[in-house]
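Participant: Mind looking over this structure? Questions follow.
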Amino acid sequence: MNDLSPFPQDRQAVLTLDGSTTPAGIQSTSELRRRRWIVVALNVVTWWLLNSAAWTILGSGGWTPVDMVLALCFAIATPWTVLGFWNALIGLWLLHRGGDAMAEVAPFAEAGGRDTPLTIRTAVFMTLRNEDPERAIARLRIVRDSIDATGEGGQFDYFILSDTNQPEIAGREEAAAAAFAAEAGLDRVVYRRRADNAGFKAGNVRDFLDRWGDRYELMLPLDADSLMSGETIVRHVRMMQAYPKLGILQSLVVGMPSSSAFARIFQFGMRQGMRSYTMGQAWWVGECGPFWGHNALVRIRPFMAHCVLPVLPGNPPLGGHVLSHDQVEATFMRRAGYEVRVIPVEEGSWEENPPTILEFSRRDVRWCQGNMQYLGLVDQPNLKPVSRFQLVWAILMFVGVPAWTLMIALSPFLAWHGPSYEAFPVGFAIATYLAFLLMYLMPKIAGFIDILISDDGTERYGGRLRFIGAAAIELVFSFLLGALTSFRITAFMIGLALGRSVVWGGQQRDAMALSWREAWDAFWPQMAFGWVVFGLLWLASPAAALWSLPLTAGFLIAVPFAVLTASPALGRFFVRHRLCGIPEEFDMPAEIAAARRM
């Protein structure tokens, strides 16, 4: 019997008698199969009911070619919404049904609470490319200090892996890295800058592994905006030490307090949407979890041996080096017989979110191109079914966006050429529309409910009234943001088909104003699209135009929305009144306090 197992002996016996467990021996594979079939059944039935309702509405006056296109678009776009709905409901049920939810989704986590000394070595590294070096390396210093405070600092070394190609920034990097090394000890800090960035970030990491990987058992990748607490890192290392078949381990990465109104509202909503959703997802994906590429522990030997990324045939944008490498590496790690796990809790792992809609959109299109490259990877041999599904799902995440945009573009046709009012099932159409909106919002609604019914839940957010007010602001914000990003992604995917590619470089992370000119240049197509669609709907049916506002309002006010949410004055107002604040703002961890003093 494994003395490090978190299971009592009778449960261990059940797992053994069942005859099959996950590689780390911590979950029954038959139980995971049962959960997966439940999720498949729930999703297929719900998708069928939702689409059957749409087909009934669209076919009420006879089928036209436009009706058929709309039905196809709806069928393509709804799977993401349906799975999000059920993940959120399952997660909310797990969190509040009674019993130990963590035992259901992360039964290995108990090992992290022990005082077992660390016996394995971990390389903590930060990848940089044309970032603010003083800011980034200061965060790495905070991570180092926090780890050292646990008493386990001797098991960690630090690497600064640069792909910077701007000489002025490179000089500052070298100076900041030298100062950090002098302070931490020259034997604990390594700075390396490549002459080129072959393979992009994944190539940067592979170069590190080729040169230093055999010295360590684990690696902890950090981005330039990453921050983690030493307690969380050490706890996760203990779990990896206790279970050698854990290949990748991470907890939820949440946003840090921000002075940008855009970032504050976005990360407040993201936080609510992630918690229940990821809990529900972890319940059924089990050992085939996702990988977010940073703020995660990775076991080096299997990663080096089995997670080498192929170079895709053809030219960019879909050929060449894999850009969104993390999820591919997760599928390869699981194929190699190691588990990829997410602990669906918020515990000392942070990042920064884009400060403006413009930066957010730029990040979105980078992710879009990277995810669409998975089209050339889904046929990789011997992937686990759930791992292969993760790649397909990442593709559908973006394929569904142009489907929605096309549906909105074609909506005036229905208003002008649809069935007569007498033949159209108005009540049924409204009920279907509201049901869809509820399902679309369920991850966030589940997060709101979780906080509202948890002990001291709203107190962590500054009180019940402040939390409810922030939730209302975020719901409006999410509809407006969704319209802008959907159009941008649609236009970019058309560009992908024509061979257009993005450039991956440094990101703007500080709060900044967005001028009216910048906003107009970036978002006038969204406004033009929105006003044409809304105007045609209004001419055909003012009622239909008003019902469309949850989906079209973001287009109509795209430019003012971009300028307002980037406004430093609005950001200061939000900070002053702690609007859309997150728990770390009301009870600030030492690591975040140190980062804010930089």
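Residue-by-condition table, conditions (1) in contact with a His (Cβ under 8 Å, 6 or more places away or on another chain); (2) modelled with pLDDT under 95; (3) of a type in the set (Gly, Ala, Ser); (4) open to solvent by 50 Å² or more (accessible area, probe 1.4 Å):
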position: 532; (1), (2), (3), (4): no, no, no, yes
position: 540; (1), (2), (3), (4): no, yes, yes, no
position: 552; (1), (2), (3), (4): no, no, no, no
position: 565; (1), (2), (3), (4): no, no, no, no
position: 570; (1), (2), (3), (4): no, no, no, no
position: 589; (1), (2), (3), (4): no, no, no, no
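Participant: Also: Among the residues of region 406-435, count how many are surrounded by 17 or more Cβ atoms within 10 Å (Cβ to Cβ) and either under 22 Å from the mean Cα position of the chain (by Cα) or not in a helix (DSSP H, G or I) (or both).
Facilitator: Result for region 406-435: 1.
Participant: Here's something else I'd like to know. Within region 453-468, count every residue that is surrounded by 13 or more Cβ atoms within 10 Å (Cβ to Cβ) and in a loop (DSSP other than H, G, I, E, B).
Facilitator: So the count comes out to 4.
Participant: Name the one entry in 386, 401 that is within 30 Å of residue 373 (Cβ to Cβ), touching a strand residue (DSSP E or B) at 6+ places or on another chain (Cβ under 7 Å) and not small (Gly, Ala, Ser).
Facilitator: Residue meeting the stated conditions: 386.
Participant: So, one more: How many residues does region 56-83 contain that are within 24 Å of the chain's Cα centre (by Cα) and farther than 16 Å from residue 490 by Cα?
Facilitator: Of the residues in region 56-83, 7 are within 24 Å of the chain's Cα centre (by Cα) and farther than 16 Å from residue 490 by Cα.
Participant: Within the group 236, 294, which residue is surrounded by 24 or more Cβ atoms within 10 Å (Cβ to Cβ), in contact (Cβ under 8 Å) with a residue 12 or more places away in the chain, within 25 Å of residue 148 (Cβ to Cβ) and not hydrophobic (A, V, I, L, M, F, W, C)?
Facilitator: Being surrounded by 24 or more Cβ atoms within 10 Å (Cβ to Cβ), in contact (Cβ under 8 Å) with a residue 12 or more places away in the chain, within 25 Å of residue 148 (Cβ to Cβ) and not hydrophobic (A, V, I, L, M, F, W, C) holds for just one of 236, 294, which is 236.
Participant: Okay, next question. Is it the case that residue 231 is over 30 Å from residue 311 (Cβ atoms), modelled with pLDDT under 95, part of a helix (DSSP H, G or I) and open to solvent by 10 Å² or more (accessible area, probe 1.4 Å)?
Facilitator: no
Participant: Turning to a different aspect of this structure: Looking at 276, 251, which one is assigned to a helix (DSSP H, G or I) and crowded, with 22+ Cβ neighbours inside 10 Å?
Facilitator: Every option except 276 fails the conditions.
Participant: Next question, about the same structure. Taking only region 216-273 into account, find how many residues are among the charged types (D, E, K, R), over 15 Å from the mean Cα position of the chain (by Cα) and farther than 27 Å from residue 155 by Cα.
Facilitator: Count: 1.
Participant: Any chance you could count how many residues in region 44-80 are touching a Phe, Trp or Tyr at 6+ places or on another chain (Cβ under 8 Å), over 15 Å from residue 413 (Cα atoms), open to solvent by 10 Å² or more (accessible area, probe 1.4 Å) and among the β-branched types (Val, Ile, Thr)?
Facilitator: Result for region 44-80: 2.
Participant: Residue check: is residue 361 buried (at least 16 other Cβ atoms within 10 Å of the Cβ), of a type in the set (Ser, Thr, Tyr) and at pLDDT below 95?
Facilitator: Yes.
This table checks each residue for (1) in contact with a strand residue (DSSP E or B) (Cβ under 8 Å, 6 or more places away or on another chain); (2) open to solvent by 60 Å² or more (accessible area, probe 1.4 Å); (3) in a loop (DSSP other than H, G, I, E, B).
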| residue | (1), (2), (3) |
| --- | --- |
| 174 | yes, yes, no |
| 179 | no, no, no |
| 182 | no, yes, no |
| 186 | no, yes, yes |
| 195 | no, yes, yes |
| 208 | yes, no, no |
| 211 | yes, yes, no |
| 219 | yes, no, no |
| 224 | yes, no, yes |
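Participant: Quick test for you: out of 344, 244, 257, pick the one residue that is in contact with a helix residue (DSSP H, G or I) (Cβ under 9 Å, 6 or more places away or on another chain), on the phi < 0 side of the Ramachandran plot, surrounded by fewer than 23 Cβ atoms within 10 Å (Cβ to Cβ) and not aromatic (Phe, Trp, Tyr).
Facilitator: 257
Participant: Tell me yes or no: at least one residue of region 309-330 is surrounded by 19 or more Cβ atoms within 10 Å (Cβ to Cβ), in contact (Cβ under 8 Å) with a residue 60 or more places away in the chain and closer than 21 Å to residue 27 by Cα.
Facilitator: So far as region 309-330 goes, yes, one or more of its residues are surrounded by 19 or more Cβ atoms within 10 Å (Cβ to Cβ), in contact (Cβ under 8 Å) with a residue 60 or more places away in the chain and closer than 21 Å to residue 27 by Cα.
The values are calculated or read from the model by the stated rules, or taken from the named source; none is laboratory data. Here the structure is a predicted model, which is why all the values come from computation and not from measurement. Backbone-built Cβ (ideal geometry, glycine too); neighbour counts: all protein chains shown. Heavy atoms of the whole protein, side chains included, go into the accessibility calculation; ligands, DNA and RNA do not. Shrake-Rupley method; radii C 1.70, N 1.55, O 1.52, S 1.80 Å.
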